[in-house]
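Reading through the structure tokens given below for one structure.
Throughout, read-outs are computed from the coordinates displayed, never taken from laboratory work. Bear in mind the structure is a predicted one, so any value in this text is a computation, not a measurement. Cβ placement follows ideal geometry from the backbone for every residue including glycine, while neighbour counts extend to all protein chains displayed.
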Amino acid sequence: MSGDGTVGKAMDVLDQVASFGRPVRFATLLSVSPYPKATLYRFLQTLTRQRLLEYDPDQQTYAVGLRLVRLAHAAWSQSSLAPLARDHLDRLSAQIGLTVHLAQLDNGQVLYVDKRNAAQPVDMFSQAGKVGPAYCTGVGKAMLAFLQEDEQARLLTQQSYHAFTAHTLATPAALKAELDAIAARGHAYDREEHEPGIICIAVPILTDAGRVLGGLSITGATQMTEMAALEALVPQLKATARDIADDGAAWRFPGQEPLQQTGT
């Protein structure tokens, strides 16, 4: 439950509706809501009036509203790496023929902001706009490994450590040891830690000062490739990450102060 007053509670309700991935009835929302019936109904009405939710009177369901599409587009263009990384992703995808993911950290989780499918697509969890766990994905671990120590420690407490597969690093100690190894070698692996049969390599996208802007990964299916083949692509992956970081040097991302100009 949010501690940010009325606005925070309304956002909790909005997130809850969105989490179903489909139109949802009031009774279903109430069954999982931390709020009393009258409070939940009031927030739903407010969000509907603001067009952040849409109500279908025939089906008696709530769904995310079209106003969110406009807000999402603005966020995508102003606050994500996706627009400036687009051409770099296209080039890398054309060169390697495998799935490429671009991601950023969002409150300790991985937000996939763009994706290029492989020449032979494989069904997998990740899609642009989807949120996934950081502790058991290559791109999530690549970003976590290069955070400042205090920020990394804070985000490690926010991971769920659910064992998705037999390979998942499901304890803080195991994850911390893995992050230290990633920081030393410069790239991360996903060894079927989130999804069986899915492996990847990943690198962070860093500013010259070492601040994490995002992460980049190449993903494959074990039935079509192996980790050694992916690891051979690390130089191309790192080069693409550097190119994206260079293009993002003058971009003001959330939380980043504008660059100070000095006179000559």
Handout entry: For the chain: relative contact order, % (alpha-carbon pairs under 8 angstrom, 6 or more apart)
Key = 14
Handout entry: Computed [θ] at 222 nm, deg cm²/dmol, the chain (DSSP H ≥ 4; -39,500 (n - 2.57); rounded to nearest 500)
Key = -13000 deg cm²/dmol
Exercise for the section: Considering only lysines 8 or more places apart in sequence, or on different chains, count the pairs in the chain whose C-alpha atoms sit under 28 Å apart. Expected result: 12
Completion exercise
Taking every other residue with Cβ under 14 Å from the Cβ of residue 235 and scoring Lys and Arg +1, Asp and Glu -1, one gets +1
Completion exercise
The size of the Cβ-based charge dipole (Lys, Arg +1; Asp, Glu -1) of the stretch 5-69 about the Cα centre, to the nearest 20 debye, is 160
Practice task
Only Lys, Arg, Asp and Glu count, each charged at its Cβ (+1, +1, -1, -1), so figure out the dipole size of the stretch 80-247 about its Cα centre, rounded to 20 debye.
Solution key: 60
Handout entry: Relative compactness, the chain, computed as alpha-carbon Rg over 2.2 N^0.38 Å
Key = 1.10
Practice task
Please state, rounded to one decimal and in Å, the Kirkwood hydrodynamic radius that the stretch 5-69 gives when every pair of distinct Cα atoms enters the mean of 1/r.
Solution key: 11.6
Exercise for the section: Provide the FRET efficiency to the nearest 0.05 for the residue 72-residue 148 pair, computing r from the beta carbons and using R0 = 41 Å. Expected result: 0.90
Handout entry: Under 11 Å, Cβ to Cβ, from residue 88 - net charge with Lys/Arg +1 and Asp/Glu -1
Key = -2
